[in-house]
Amino acid sequence: MLCFGSVNAVTQEESTEAFNWFRSAAELGNARAQWDLALVYYNGEGVPQNYVEAVKWFRLSAEQVYAKAQCNLGEMYYNGQGVAQDYAEALKWYRLSTDQGNLRGQYNLGMMYI
């Protein structure tokens, strides 16, 4: 389960338009748009589902200290989606998101200790 994970476009046309806007802003370095674009790839909304591409955009956003992206990147490592499963890397990203008060990151971090 991703942190707040859906773009919520209604039609294929809206999904395509959302993708184009997210892509443009993401390429300009906007962390929120990078996270949104990662969700589009993760969910396959208007594009084929692509976990590797989702990880790429989650990472770019997470490296700009966007807490939701840090949490999502941790989940990708935890589940081995688009990357090799790596619990240490998941833990790292959960901690970073938790440091910013991300509740899902806190939950995921806690679950890793059970």
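The values are calculated or read from the model by the stated rules, or taken from the named source; none is laboratory data. It should be emphasised that the depicted structure is a prediction, and the values quoted were computed from it without experimental measurement. Here Cβ is always computed from backbone atoms with ideal geometry, including for glycine, and neighbour counts include all displayed protein chains.
Among the residues of region 85-99, write down those that are closer than 19 Å to TRP57 by Cβ and either over 16 Å from the mean Cα position of the chain (by Cα) or among the charged types (D, E, K, R) (or both). Answer for region 85-99, where residues must be closer than 19 Å to TRP57 by Cβ and either over 16 Å from the mean Cα position of the chain (by Cα) or among the charged types (D, E, K, R) (or both): ASP86, GLU89, LYS92. Restricting VAL52, VAL40 to those that are within 12 Å of the chain's Cα centre (by Cα), modelled with pLDDT under 95 and of a type in the set (A, V, I, L, M) reduces the list to VAL40.
In region 37-59, the residues that are within 13 Å of VAL83 (Cβ to Cβ) form Cβ pairs under 6 Å with partners that are modelled with pLDDT of 95 or more and in a loop (DSSP other than H, G, I, E, B), at six or more places apart or across chains, as follows: TYR51/GLN81; TYR51/GLY82; VAL52/GLY82; ALA54/GLY82; VAL55/GLY82; VAL55/VAL83. In region 87-99, the condition of being modelled with pLDDT under 95 and out of contact with any strand residue (DSSP E or B) (no Cβ under 9 Å at 6 or more places or on another chain) is met by no residue.
Cβ-Cβ contacts under 6 Å between residues 6 or more apart (or on different chains), taken from a first residue in region 65-85 that is over 14 Å from ASN108 (Cα atoms) and β-branched (Val, Ile, Thr) to a second residue that is surrounded by fewer than 22 Cβ atoms within 10 Å (Cβ to Cβ) and modelled with pLDDT of 95 or more, are listed as VAL83/VAL55.
To keep it simple, each residue is scored yes or no on (1) closer than 25 Å to LYS92 by Cβ; (2) at pLDDT 95 or above.
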| site | (1), (2) |
| --- | --- |
| CYS3 | yes, no |
| VAL7 | no, no |
| THR11 | no, no |
| ASN30 | yes, yes |
| PRO48 | no, no |
| SER61 | yes, yes |
| ALA69 | yes, yes |
| GLN81 | yes, yes |
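Mind checking whether some residue in region 56-64 is over 16 Å from ARG23 (Cβ atoms) and either buried (at least 23 other Cβ atoms within 10 Å of the Cβ) or hydrophobic (A, V, I, L, M, F, W, C) (or both)? Yes, some residue in region 56-64 is over 16 Å from ARG23 (Cβ atoms) and either buried (at least 23 other Cβ atoms within 10 Å of the Cβ) or hydrophobic (A, V, I, L, M, F, W, C) (or both).
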